[in-house]
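Beneath this line is the structure, given in structure tokens, with notes to follow.
The values are calculated or read from the model by the stated rules, or taken from the named source; none is laboratory data. From a predicted model like this one, the values you see are computed outputs, not experimental measurements. Methodologically, a virtual Cβ is constructed for each residue, glycine included, from the backbone with ideal geometry; neighbour enumeration extends over all protein chains shown. Areas reflect the complete protein model, heavy atoms only, side chains present, ligands, DNA and RNA absent. Shrake-Rupley method; radii C 1.70, N 1.55, O 1.52, S 1.80 Å.
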Amino acid sequence: MPQFSTVRRSPFAPRDLYAIAADVARYQDFIPLCTESRVWNRRALGGGRETFEASLAIAYPKLKIRETFTSDVVCDPDALTVRATSDRAPLQRLDSRWLFTPAGEGADVTISVDYQMRSRMLQLVMNATFDIAMRKVIAAFEERARALLGRGGVA
């Protein structure tokens, strides 16, 4: 199964970064190729954790691809994690996680994604573009943090 994982250092507080990642409904505002992001069925799980269903519509006009990915999301503000899982088409399997840990005056941001597409053709396309796409997502996330939290990070 294709995997992507990286750790990036950020000058911003882990809790502030977590809040950006947990706001899935706003992904359409900054994630490349994301044309729509929706959240529904929010439920409290106790201990501050919440779960909801979310869908992201992704369009790649050059390849004439438009897919909607729906997942179950669990946000845990104490563990500073956002985890999305799915086995709904077009996915065979998805396990995606954001983790924010204190590091010096800022945070380490760990992003990991394991996925498998149901369609062999879509899997081939994803394999060819996924690493580049994830690096663009990370850059967009970092820019979103700078726009919302300021340029300097933690004072």
Original post:
Excluding Ala139 itself, what net charge comes from residues whose Cβ is under 12 Å from its Cβ, given Lys and Arg +1 and Asp and Glu -1?
Top reply: +3
Subject >> J(HN,Hα) series, the stretch 8-23, from Karplus relation 6.51 cos²θ - 1.76 cosθ + 1.60, nearest Hz, glycine and proline x >> reply: 10, 8, 10, x, 9, 5, x, 5, 5, 5, 4, 4, 5, 5, 6, 8
Subject >> the chain - percent of accessible surface contributed by carbon and sulfur, probe 1.4 Å >> reply: 51
**OP:** Could you pull out every residue, at least 5 positions away or on a different chain, whose amide H is within less than 5 Å of the one on Ala107? Hs are placed 1.01 Å off N in the peptide plane, and Pro or chain starts have none.
**Re:** Ser10, Phe12
Subject >> For the chain, calculated [θ]222 nm from helices alone, where every DSSP H run of n ≥ 4 adds -39500 (n - 2.57) >> reply: -8500 deg cm²/dmol
Original post:
Hey, if you put +1 on the Cβ of every Lys and Arg and -1 on every Asp and Glu Cβ in the chain, which of Pro90, Val125, Phe69 ends up farthest toward the positive end of that dipole?
Top reply: Val125
Subject >> Leu148 versus Arg26: modelled label distance in nm, points set 7 Å from Cα along the beta carbon direction >> reply: 0.3
Subject >> Alpha-carbon centroids, the stretch 86-152 and the stretch 16-57: separation in whole Å >> reply: 13
Original post:
What is the extension gain from Lys62 to Thr6, computed as 0.36 nm multiplied by their sequence separation minus the C-alpha to C-alpha distance, in nm to one decimal?
Top reply: 17.5 nm
**OP:** Report, in debye and to the nearest 20, how large the dipole of the chain comes out about its Cα centre when Lys and Arg carry +1 and Asp and Glu carry -1 on their Cβ.
**Re:** 440
**OP:** Inverting the mean 1/r over all pairs of different Cα atoms, compute the Kirkwood radius of the stretch 93-155 and quote it in Å.
**Re:** 13.8
**OP:** Please report, in debye to the nearest 20, how large the charge dipole of the stretch 1-57 is about its Cα centre when each Lys and Arg carries +1 at its beta carbon and each Asp and Glu carries -1 there.
**Re:** 200
**OP:** Please sort 101-114, 56-69 by packing, taking for each peptide the average over its residues of neighbouring beta carbons within 10 angstrom, highest first.
**Re:** 101-114, 56-69
Original post:
Tell me, what is the per residue accessible area of the chain in Å², probe radius 1.4 Å?
Top reply: 55
**OP:** Round to the nearest 10 and give me the degree value, 0 to 90, for the angle of helix 120-149's Cα axis relative to the longest principal axis of the chain.
**Re:** 20
